[in-house]
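What follows is a short report on a single structure.
The values are calculated or read from the model by the stated rules, or taken from the named source; none is laboratory data. Predicted model only: the values in this text are computed from it and were never measured. Neighbour counts run over all protein chains shown; Cβ positions are idealised from the backbone, glycine included. Note: areas computed on protein heavy atoms with side chains; ligands, DNA, RNA excluded. Shrake-Rupley method; radii C 1.70, N 1.55, O 1.52, S 1.80 Å.
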Amino acid sequence: MAVNRPDRLVVVLGTATEVGKTWVGCRLAEALRAARVAVAARKPAQSWDPAERAAGAPTDAELLAAATGAKPDDVCPPHRSYPAALAPPMAADRLGRPAVHLADLVEELRWPAGVEVGLVEGAGGVRSPLAHDADGVALARHLGVDLVVLVADAGLGTIHAVRSATDALRPLPTVVVLNRYDRGDALHAANRAWLTERDGLLVVVDGAELAAVVRPPSPGR
């Protein structure tokens with residue numbers, strides 16, 4: 001079981017790869033820290049492109065560590081960091097490393113004492129393999145999270161992607177983040193309105209809105 005479980009446990013998942021999960025997670029962490037909320041982030045397993053790394057690109061763990069004031073090895077254990085541009089279990093297979101199991105990833109989660117909000121970031125989309133026996137949905141269910149932050153693109157294909165992901169996540173409480181949202185873009189606005197008014201989803205479009213949803217209630221409320 002996770003050590004020192006945070007007061008509020010949040011998992012950050014995406015409708016697909018490259019929708020901006022880490023960027024959203026970092027902005028959320030920064031907004032919470034600015035509001036004096038104790039926050040920490042964890043990435044149970046990560047994979048990365050060696051060529052991009054050689055060119056100076058940071059890993060997800062490094063970005064989350066910078067946003068939360070932690071060390072990258074605390075965000076993601078070194079043995080769960082895979083230098084191959086594949087889903088973590090596939091990368092482990094290619095590199096000849098041991099199989100990745102959900103129970104082990106959860107067991108390895110370590111939180112500092114006093115964390116009010118713990119952010120756990122998945123890999124790829126909600127159904128992308130995170131372990132040989134689990135995806136992001138399984139991770140969220142196993143952890144018994146208080147909230148799922150679902151990151152989606154704001155443009156074409158958004159409604160299908162969000163509906164598919166939220167169907168897989170039900171009944172977990174979920175807030176949808178339309179990343180790269182342009183308030184002057186009619187399609188972006190229409191997508192948000194459809195998801196909110198027709199599908200009854202909670203949809204936010206910036207870090208301040210998201211932080212207000214994630215932030216723990218004040219004492220006495």
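In the chain, carbon and sulfur make up what percent of the accessible area (probe 1.4 Å)? The value for the chain is 53 percent carbon and sulfur by accessible area. Averaged per residue, the chain has 47 square angstrom of accessible surface, using a 1.4 angstrom probe with ligands and nucleic acids left out. Summarising the label geometry, the points placed 7 Å from Cα in the beta-carbon direction at ARG183 and THR196 lie 1.2 nm from one another. Counted residue by residue at 0.36 nm each, then reduced by the alpha carbon distance between them, the extension gain from ALA212 to ASP7 reaches 72.2 nm. Charges on Cβ only, +1 for Lys and Arg, -1 for Asp and Glu, centred on the Cα centroid of the chain; of LEU143, HIS160, THR17, which one is farthest towards the dipole's positive end? The Cα lying farthest towards the positive end belongs to LEU143.
Rounding to the nearest 20 debye, state how big the charge dipole of segment 28-91 is about its Cα centre with +1 on each Lys and Arg Cβ and -1 on each Asp and Glu Cβ. Write down the numbers at each step before the final one.
On the way: 7 positive and 7 negative charges, 49 e Å.
Value, rounded to 20: 240 debye.
Dipole magnitude for the chain: computed about the Cα centre from +1 point charges on Lys and Arg Cβ and -1 point charges on Asp and Glu Cβ, it is near 360 debye. For segment 101-221, just say rounded, prolate or oblate: build the C-alpha gyration tensor, square-root its eigenvalues into a ≥ b ≥ c, call rounded for a/c under 1.5, and beyond that prolate if a/b exceeds b/c, oblate if not. Judged from the Cα gyration tensor, segment 101-221 comes out oblate (a/c at least 1.5, b/c at or above a/b).
Over the chain, what is the relative contact order in percent, taking alpha-carbon pairs closer than 8 angstrom and at least six residues apart?
Values: 429 pairs, mean separation 61.9, N = 221.
Answer for the chain is 28 percent.
Helices in the chain that qualify as membrane-span-like (whole DSSP H runs, Cα extent of at least 18 Å along the helix axis, mean Kyte-Doolittle hydropathy of -0.5 or higher) are 21-34.
Which shape class applies to segment 28-69: rounded if a/c is under 1.5, otherwise prolate when a/b exceeds b/c and oblate if not, where a ≥ b ≥ c are the square roots of the Cα gyration tensor eigenvalues?
Numbers: a/c = 4.55, a/b = 2.32, b/c = 1.96.
The shape class here is prolate.
Largest GNM mean-square fluctuation across ARG180, ARG198, ARG97, computed for the chain with C-alpha springs under 10 Å, falls on ARG198.
If all Cα-Cα distances of segment 62-135 are sorted into 5 Å bins from 0 onward, what percent lands in each bin, rounded to whole numbers? Bin by bin from 0 Å, the calculated values are 3, 14, 24, 26, 19, 10, 3, 1. Segment 23-108 gives an Rg/Rh value of 1.01, both radii derived from C-alpha positions and Rh following Kirkwood. Antiparallel as a % of all DSSP beta bridges within the chain, to the nearest 5? Of those bridges, close to 5 percent are antiparallel. Largest GNM mean-square fluctuation among PRO83, PRO44, PRO171, using the chain with Cα springs under 10 Å: PRO171. Measuring from a point 7 Å past the Cα of ARG94 along Cα-to-C-beta, which residues in segment 41-79 have an amide N at less than 19 Å? Of the residues in segment 41-79, 45-61, 79 have backbone N under 19 Å from the label point off ARG94. A Gaussian network model of the chain, with springs between Cα atoms under 10 Å, assigns the largest mean-square fluctuation among ALA165, ALA138, ALA35 to ALA35.
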